Amino acid sequence: MLNNKTILVTGGTGSFGKEFIKTVFEKYPDVKKVIVFSRDEYKQFLMQNMPEFKPYEEKMRFFIGDVRDKERMMRAFEGVDIVIHAAALKQVPACEYNPFEAIKTNIHGAQNVIDCAIDKGVEKVIALSTDKACAPINLYGATKLCSDKLFIAGNAYCGSKKTRFSVVRYGNVAGSRGSVIPYFQKLVKEGATELPITDIRMTRFWLKLESAVEMVLTALETMQGGELYVKKIPSMKMTDLAKAIAPNLEIKEIGIRPGEKIHEQMITMADAPNTIELNDYYIILPQINFENIEHKYPNAKKVSEDFEYHSGNNDRWLTIENMQELIKDL
């Protein structure tokens, strides 16, 4: 699928970007070239010198630029076959305090990716979304919802060009920089006597970085253009996670934070009429049905009218013992 292709990853020095690129080189040894597009020269320097990328350095290019800069992106997209758009401003408090900066990166930047992809003849574009874009209650989620809508609509105005756009939505990655797991582990190491949880009812999905990469590769292989993919993954109770990390410590409920939800939400009831289900994932089809893509998935089934998918109503749950085993692998 990716052999003899040139791939560009925006935000390529992030956790997802590095894991995705490593996986691509392992699974597709004949990939033509991978371009890391990001704005932080130091992170690019560190990535260039990581041992896991040394064997592939002849096929890697490091391109400093910002998704806000359309002219720079036009240069970067020259000869590119596939784009993975992972660049975004993601910290909820920072986006709340600097709202237009988030808009410029997450919305204007998304439109720049779309325009450049169409104008340069890119074949496929996958944009990464977030659970926070589902019924958003903070600015970060609102900007990512706008981004999702822009990418889906991109299929309608690419005209005779071959470019196709789809979106992959997932939540917090277990063990990543923004995950609560390393935070809890740090507190335990520092001798804490209790672990803080904002609300004892809180649940979250458990997603490994490898699973996020797998979902993007699945989307690249199956996409027709216009799909929003949501992977089926297990849920956990935050209280159980705390017990898995420190079974002897007390749990202190500290109150829910601004912009935080009790459950991690992926598909709302309002999305149900346009949602189909396959074995390992759901697809939210576009409201404007480009080329009637629903018929491209003959093995899919429609979800019920009252369907919604969040970490609190999942049928797959991790036990404390499950999480303890998974944490060892992080």
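The values are calculated or read from the model by the stated rules, or taken from the named source; none is laboratory data. Note that the structure is a prediction, hence the values are computed from the model and not measured. Positions of Cβ are backbone-derived with ideal geometry, glycine not excepted, and every protein chain shown enters the neighbour counts.
Every condition in (1) over 21 Å from L145 (Cα atoms); (2) not in a loop (DSSP other than H, G, I, E, B) is met by P29 except one, and the failing one is (2).
The sole residue among N289, N299, N279 that is in contact with a Gly (Cβ under 9 Å, 6 or more places away or on another chain), at pLDDT below 95 and surrounded by fewer than 14 Cβ atoms within 10 Å (Cβ to Cβ) is N289.
T268 falls short on exactly one of the conditions (1) within 15 Å of E227 (Cβ to Cβ); (2) touching a Cys at 6+ places or on another chain (Cβ under 9 Å), and that condition is (1). Inside segment 290-306, residues that are in contact (Cβ under 8 Å) with a residue 24 or more places away in the chain and either of a type outside the set (S, T, Y) or touching a helix residue (DSSP H, G or I) at 6+ places or on another chain (Cβ under 6 Å) (or both) make up a count of 10. Scanning segment 1-24 for residues that are farther than 17 Å from A86 by Cβ and out of contact with any strand residue (DSSP E or B) (no Cβ under 6 Å at 6 or more places or on another chain) yields a total of 3.
Residues of segment 243-278 that are part of a helix (DSSP H, G or I) and either over 19 Å from Y183 (Cα atoms) or of a type in the set (K, R) (or both): K243, M269, A270, D271, A272, P273, N274.
Hey, can you tell me all the residues within segment 279-330 that are charged (D, E, K, R) and part of a loop (DSSP other than H, G, I, E, B)? Within segment 279-330, D280, E305, D306, E308, D315, R316 meet the criteria. Within segment 307-318, residues that are touching a residue at least 12 places away in the same chain (Cβ under 8 Å) sit with their Cβ atoms under 8 Å from residues that are β-branched (V, I, T) and in a loop (DSSP other than H, G, I, E, B), at 6+ positions apart or across chains, in these pairs: E308/T268; G312/I262; R316/I233. Please verify whether V167 is crowded, with 20+ Cβ neighbours inside 10 Å, in contact with a Lys or Arg (Cβ under 7 Å, 6 or more places away or on another chain) and part of a strand (DSSP E or B), treating the condition exactly as stated. Considered against the rule, which asks whether it is crowded, with 20+ Cβ neighbours inside 10 Å, in contact with a Lys or Arg (Cβ under 7 Å, 6 or more places away or on another chain) and part of a strand (DSSP E or B), V167 comes out as no. Contact map, segment 4-28: residues that are surrounded by 18 or more Cβ atoms within 10 Å (Cβ to Cβ) paired with residues that are basic (K, R) and outside any helix (DSSP H, G or I), Cβ distance under 8 Å, separation 6+ or inter-chain. Pairs shown: K5/K32; T6/K32; T6/K33; I7/K33. Filtering G109, G141 for residues that are assigned to a helix (DSSP H, G or I), at pLDDT 95 or above and touching a His at 6+ places or on another chain (Cβ under 9 Å) leaves a single hit, G109. When segment 271-324 is filtered for residues that are of a type in the set (K, R) and closer than 20 Å to I233 by Cβ, the ones remaining, listed by number, are K301, R316.
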